[in-house]
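Taking it in order: structure first as structure tokens, then the write-up.
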Amino acid sequence: MRPPVPDDSMIVLSEDRTDPAFGRPPLERGVAELFQKGAVLLDKTRGPTSHQVVSWLKKVLDVEKAGHLGTLDPKTTGVLPVALGNAVRSLQVTLEEGKEYVAVMQLHGDLKEDAVRSIASEFTGEIYQLVPVRAAVKRGLRTRHIEYLKVLEKSGRQVLLLIGCESGTYIRTLIHDLGEVLGTGAHMAELRRTRSGCIDESMCCTLQQLKDAYEIFRKEGDERPLREVVHPVEVLMERTPHIYIKDSSVDAICHGAPLGMPGISMLHRSLKKDGVCIISTLKGEAVALARAEMDGKDMANRREGVAATITRVLMDTGVYPRSWKRRSKQ
């Protein structure tokens, strides 16, 4: 979200400066621009669906377009990032990032805590899940990766679980399957999402806090409370590897051109071939989502060729001056 500062995670290909006359650092966007290129990190309460929450948010902020990241059912609380305006286009990359949940598992029989901990520790790594009947996707068997499944505490037949998992994991199904292996059977009694990608619950606000901040801005002109709850959309992309490009390359990328090696200023070492990456300006503005055509270490040793193919343009054309020529039609 901030202009990049070279460190051990970065590979610098050329020392470049950015012209302050074009674009602006994300944190310097005005309120109107934030409503087009921003995100609200909501702490969803129990009761409404994700779609209802987004509908209310649009009315509170008087914006026409908003989209949520990851659906939460009425009984589930927790982290629900919402992109505003044109920033909705950025949700593609964040939808694929991992999630963390705290869940209450209700056992259907009595078990000692050590037995629950022992079996729960086996539900890590790659697991198979049958998509639930009521799911929005086609029913079938698929795999998901469970990073960790920890027993935080047990009281009677209730077990508090901490789960880190791949996006798209069905926690209700996971707990049902865990109950089957435990031999007692089990169901999910409560669920809270505590992290979505790089966004954790400590960063989130309630819908009421958002409304209060907007009313202060509308009536008193004080932007400070609003800026604490409406963030530049780049906050959703901080964990995704970045390629920072020269000013002279920005407009070509905005027109969908592939990113060539000569246009790169610096990049993250963690880039993987065929992996998702963010093309950004030297001011920290997201320009496009892309697919890396080579690893970061390979880019470090190349000066020619295509570094990344654009999958979704995020920045409007004309923000930076054109430094390229159109090919004449044959």
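Here is a list: Pro225, Pro232. Which entry is over 27 Å from Leu161 (Cα atoms), out of contact with any His (no Cβ under 9 Å at 6 or more places or on another chain), crowded, with 19+ Cβ neighbours inside 10 Å and not assigned by TED's automatic domain parsing to the domain that holds Lys154? Give the derivation first.
Details: Pro225 fails: crowded, with 19+ Cβ neighbours inside 10 Å.
After ruling out the rest, the residue left standing is Pro232.
Please state which one of Leu91, Leu69, Leu80 is under 29 Å from Arg227 (Cα atoms) and in contact with a His (Cβ under 6 Å, 6 or more places away or on another chain).
Values: Leu91 fails: in contact with a His (Cβ under 6 Å, 6 or more places away or on another chain); Leu69 fails: in contact with a His (Cβ under 6 Å, 6 or more places away or on another chain).
Among Leu91, Leu69, Leu80, only Leu80 is under 29 Å from Arg227 (Cα atoms) and in contact with a His (Cβ under 6 Å, 6 or more places away or on another chain).
Could you list, in sequence order, all residues of region 81-119 that are touching a Lys or Arg at 6+ places or on another chain (Cβ under 7 Å) and part of a helix (DSSP H, G or I)?
The answer is Gly85, Asn86, Ala87, Val88, Arg89, Gln92, Glu113, Val116.
Please indicate, with yes or no, whether at least one residue in region 221-242 is over 25 Å from Leu95 (Cα atoms), in contact with a strand residue (DSSP E or B) (Cβ under 6 Å, 6 or more places away or on another chain) and either among the charged types (D, E, K, R) or at pLDDT 95 or above (or both).
There is no residue in region 221-242 that is over 25 Å from Leu95 (Cα atoms), in contact with a strand residue (DSSP E or B) (Cβ under 6 Å, 6 or more places away or on another chain) and either among the charged types (D, E, K, R) or at pLDDT 95 or above (or both).
Has region 72-88 got at least one residue that is closer than 30 Å to Met299 by Cα and surrounded by 21 or more Cβ atoms within 10 Å (Cβ to Cβ)?
Yes, that holds for at least one residue.
Do we find that Arg322 is surrounded by fewer than 19 Cβ atoms within 10 Å (Cβ to Cβ), in a loop (DSSP other than H, G, I, E, B) and not assigned by TED's automatic domain parsing to the domain that holds Glu15 in this structure?
Here the answer is yes, as Arg322 does meet what is asked.
Being in contact (Cβ under 8 Å) with a residue 40 or more places away in the chain, over 30 Å from Glu190 (Cβ atoms) and outside the structural domain of Arg302 (by TED's automatic domain parsing) narrows it down to one residue among Val53, Val60, Val31, Val40; which is it?
Selected residue: Val31, the only one of Val53, Val60, Val31, Val40 that is in contact (Cβ under 8 Å) with a residue 40 or more places away in the chain, over 30 Å from Glu190 (Cβ atoms) and outside the structural domain of Arg302 (by TED's automatic domain parsing).
Of Leu191, Leu210, Leu174, which residue is modelled with pLDDT of 95 or more and either in a loop (DSSP other than H, G, I, E, B) or over 28 Å from Ser90 (Cβ atoms) (or both)? Don't jump to the end; show me each part of the working.
Details: Leu191 fails: either in a loop (DSSP other than H, G, I, E, B) or over 28 Å from Ser90 (Cβ atoms) (or both); Leu210 fails: either in a loop (DSSP other than H, G, I, E, B) or over 28 Å from Ser90 (Cβ atoms) (or both).
On inspection, the qualifying residue turns out to be Leu174.
Just one of (1) of a type outside the set (Phe, Trp, Tyr); (2) part of a loop (DSSP other than H, G, I, E, B); (3) surrounded by fewer than 21 Cβ atoms within 10 Å (Cβ to Cβ) trips up Met315, so point out which.
(3)
With Thr169, Thr173 as the choices, which residue is within 30 Å of Glu234 (Cβ to Cβ) and polar (S, T, N, Q)?
On the way: Thr173 fails: within 30 Å of Glu234 (Cβ to Cβ).
Only one candidate qualifies: Thr169.
What are the residues in region 28-58 that are surrounded by fewer than 16 Cβ atoms within 10 Å (Cβ to Cβ) and within 12 Å of Glu285 (Cα to Cα), if any?
Glu28
If I filter region 153-167 for residues that are in contact with a Leu (Cβ under 9 Å, 6 or more places away or on another chain), assigned to a helix (DSSP H, G or I) and within 30 Å of Asp110 (Cα to Cα), do I get at least one hit?
No, because not a single residue in region 153-167 is in contact with a Leu (Cβ under 9 Å, 6 or more places away or on another chain), assigned to a helix (DSSP H, G or I) and within 30 Å of Asp110 (Cα to Cα).
Let me confirm something: among Ser90, Ser50, Ser55, which residue is touching a strand residue (DSSP E or B) at 6+ places or on another chain (Cβ under 9 Å), within 19 Å of Ala213 (Cα to Cα) and polar (S, T, N, Q)?
After ruling out the rest, the residue left standing is Ser55.
Among what's in region 12-27 and is surrounded by fewer than 18 Cβ atoms within 10 Å (Cβ to Cβ) and not charged (D, E, K, R), pick the residue that is nearest to Phe217 (Cα to Cα). Outline the logic, then answer.
Narrowing region 12-27 to residues surrounded by fewer than 18 Cβ atoms within 10 Å (Cβ to Cβ): 12, 14-17, 19-22, 24, 27.
Next, from what is left, pick out any that are not charged (D, E, K, R): 12, 14, 20-22, 27.
Values: Val12: 41, Ser14: 42, Pro20: 28, Ala21: 28, Phe22: 27, Leu27: 17 Å.
The extreme case among them is Leu27.
Might you let me know whether region 127-142 holds any residue that is over 24 Å from the mean Cα position of the chain (by Cα), farther than 28 Å from Glu234 by Cα and buried (at least 18 other Cβ atoms within 10 Å of the Cβ)?
no
Go through region 217-310 and tell me which strands (runs of 3 or more DSSP E), entirely inside it, have 3 or more residues that are under 23 Å from Arg17 (Cα atoms).
Counting at least 3 such residues, we get 242-245, 264-268, 276-280, 286-292.
The values are calculated or read from the model by the stated rules, or taken from the named source; none is laboratory data. As the structure is a prediction and not an experimental result, all values here were calculated from the model. We place every Cβ from the backbone using ideal geometry, glycine too, and count neighbours over all the protein chains shown.
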